[in-house]
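For reference, the structure is listed below as structure tokens.
The values are calculated or read from the model by the stated rules, or taken from the named source; none is laboratory data. Keep in mind that what you see is a predicted model, and the values were worked out from it rather than measured. So basically every Cβ, Gly included, is an ideal-geometry build from the backbone, and we count neighbours across all protein chains shown. Ligands, DNA and RNA are stripped out before the accessible areas are found, and what is left, the full protein with its side chains, is counted by its heavy atoms. Shrake-Rupley method; radii C 1.70, N 1.55, O 1.52, S 1.80 Å.
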Amino acid sequence: MTNNVSGVASVINEQGPLSLYPKDQSLAALFTKVAQANPEAVALVLPARGGTVRLTYGELDARSNKLAAELLNRGVKPGACVALCLSRSVETIVGILGTCKARAAYLPLDPAYPAERLRFMLDDAGAKIVLTDAAGLARVPSHSGETLTLEQGWGAGAATNVVLPPGTGDDVAYVMYTSGTTGKPKGVVVPQHAVSRLVLNNWFTPIDNKSVFLQLAPISFDAATLEIWGPLLNGGTCVLYPGSGVPDFDDLGRVLREQNVTHLWLTASLFNLIIDERPAALTSVKELLTGGEALSVPHIRRALTLLPNTQLVNGYGPTESTTFACCYRIPRTLPAELASIPIGTPIANTSVYVLDEQGKPAGAGEPGELCIGGDGLARGYWKRDELTAERFIMGPAGAAAPQRLYRTGDRVQWKPDGTIEFLGRFD
């Protein structure tokens, strides 16, 4: 789209690059293909004082097959919710994969949530079964379903020849509840192809079988989607940061160095804190993605100076668009007058519109609401049809390819260079 603002023509890119990815294949099938091709490659690493735990793709495939068979034997049906009330662990990843292999949707729960919030999500989602561990068992409130405790090493030595139901890319991957800061929490229903579109053949960060991701985010936060599926669908390694809560910065640096972590995601607030207190902890990381809120220009400038071998990426996206909708690979040199870090341009197989109050595309420099479409879009909200209809709309009339869009509530504008600048929230 070409707009003319104050006599200056600028080209606005609404559609991210189209890239080929296996949209019709399930996450289980994609993972199994990787595991069968590289059964001895290391899939998971859990650094621990008592000795580092490593799981190969073959072992992870076998354990998750066993769990899928157990879920099916317990009557879990396609599309049903299986809750995971687990902290970072090998068993958490087994739980996620096993649930997908059973064609169920995983419902990630943070054990640190208050009991009432956990109870609401379990009841609202109608979870048929809760997967937890010994520590989480005391945190799981009473519910109508079953509970299955996955002790450390659960499923070790399992056979791989388990017959499982075939799935598709349209199956639901997970139901993730939002924070509820603007009302009661709502479950975002994310299809499996939205996840594969994020981590396969996308431009915002290079991922291959040599990539090593640190899994640091709680599984109830959709940054974990990138941290887990990014390496596991590309034959890389997922390193599980031990413990919970905010990491000790010296320990974080040690884990990053010793495990040769290439990819790290940090919330903007945690990024700022580390840059202020222990920037040296991040020097070994090749790709550092950060976001979740507007980035601090002074902190980015300092990071660019202190981390000369690290590519910084501003990652923007609501849960409703599966982790990222837009990204900006931050250049090493920033203009002196730069007031904010752009959120960039749409990632592959994603489209964005900036719409004015009349629902029409805004021109460059004209503020409007950011609306997102494409393959990363959620189906909507779990059992909230009215809210789904309110937030998920059809694109503007006359657009090149009218499509379903998610209204983010974020106020943005196109910059003359074709990137998007975040201006704040409408609410």
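Let's test the formula: R0 of 41 Å, r as the Cβ-Cβ distance of E258 and S19. What FRET efficiency results, to the nearest 0.05? Numbers along the way, then the final one.
On the way: r = 34 Å, r/R0 = 0.82.
Once rounded, the FRET efficiency stands at 0.75.
Among the trypsin sites (Lys or Arg not before Pro) within the range 12-99, which fall in a DSSP loop and have no more than 15 other Cβ atoms within 10 Å of their own Cβ?
Listed in order of number, the matching sites are R49, R74.
Looking at S87, I372, N234, which one has the Cα that reaches farthest to the positive end of the dipole of the chain (charges on Cβ: Lys, Arg +1; Asp, Glu -1)?
Of S87, I372, N234, it is N234.
If I model a spin label at D385 and S144 as a point 7 Å from the Cα along the Cα→Cβ vector, what separation in nanometres do I get?
1.9
When Lys and Arg each count +1 and Asp and Glu each count -1, what net charge do the other residues less than 15 Å away from W414, Cβ to Cβ, add up to?
Here the charged neighbours net out to -4.
Can you tell me how the range 141-275 classifies by the Cα gyration tensor, rounded, prolate or oblate, using a/c under 1.5 as the rounded cut?
Rounded shape, in that the Cα axes give a/c under 1.5.
For E116 and R74, compute 0.36 nm times the residue count separating them, minus their Cα-Cα distance, and round to one decimal in nm.
Fully extending the segment from E116 to R74 adds 12.5 nm.
Would you mind computing, in nm to one decimal, how far apart the modelled labels at L273 and N309 are, each placed 7 Å from Cα along Cα→Cβ?
Result for the modelled spin labels: 2.7 nm.
Taking 41 Å as R0, compute the FRET efficiency from the Cβ-Cβ separation of A156 and F426 and round it to 0.05.
0.20
Within the accessible area of the chain, what % is carbon and sulfur when the probe is 1.4 Å and the other protein chains stay in place? Working shown, then result.
Values: 9050 of 17400 Å².
Answer for the chain is 52 percent, counting heavy atoms of protein chains only.
Net charge near K286, counting Lys/Arg +1 and Asp/Glu -1 over other residues with Cβ under 13 Å of its Cβ? Could you put the intermediate results ahead of the total?
Numbers: positive: K210, R257, R329; negative: D208, E287.
For residues surrounding K286, the net value is +1.
Quote the FRET efficiency, to the nearest 0.05, computed for E357 versus K184 with a Förster distance R0 of 41 Å and r equal to the Cβ-Cβ distance.
Once the sixth-power term is evaluated, E becomes 0.90.
I'd like the antiparallel share, as a percent to the nearest 5, of DSSP beta bridges with both residues in the range 10-149. Walk me through the numbers before you get to the answer.
Values: 4 of 17 bridges.
Restricted to the range 10-149, the bridges split so that about 25 percent are antiparallel.
What is the projected area of the convex hull of the Cα atoms of the range 144-209, averaged over all directions, in nm²? Display every interim value, and only then the final one.
Working: hull surface 35.8 nm².
If I average the Cα hull's projected area over directions, I get 9.0 nm².
When volume of the Cα convex hull per residue in Å³ is calculated directly from the model, which label among (1) 137; (2) 228; (3) 157 fits?
Given (1) 137; (2) 228; (3) 157, the structure-derived one carries the label (1).
Expected output is a single nm value to one decimal: the length gained when fully extending between N209 and V53, i.e. 0.36 nm times separation in residues minus the C-alpha distance. What is it?
54.2 nm is the gain from fully extending N209 to V53.
Give me the 1.4 Å probe accessible area per residue for the range 305-396, excluding ligands and nucleic acids, in Å². Numbers along the way, then the final one.
On the way: 3630 Å² over 92 residues.
In whole numbers, the range 305-396 has 39 Å² accessible per residue.
Using a Gaussian network for the chain with springs between C-alpha atoms less than 10 Å apart, which of these wobbles most: F213, F249, F271?
Maximum fluctuation in the GNM of the chain, among the listed residues, is at F249.
Say the cut-off is 22 Å between C-alpha atoms; which of K128/K186; K33/K66; K66/K383; K33/K210 go over it?
With Cα atoms farther than 22 Å apart: K66/K383.
Please get the size of the charge dipole for the chain, origin at its Cα centre, with Cβ charges of +1 on Lys and Arg and -1 on Asp and Glu, quoted in debye to the nearest 20. Could the numbers behind the result be given before it?
On the way: 37 positive and 41 negative charges, 103 e Å.
The calculation lands at about 500 debye.
Once the piece of chain linking A135 and L334 is laid out straight, how much longer is it, given 0.36 nm per residue of separation minus the C-alpha distance between them?
67.0 nm
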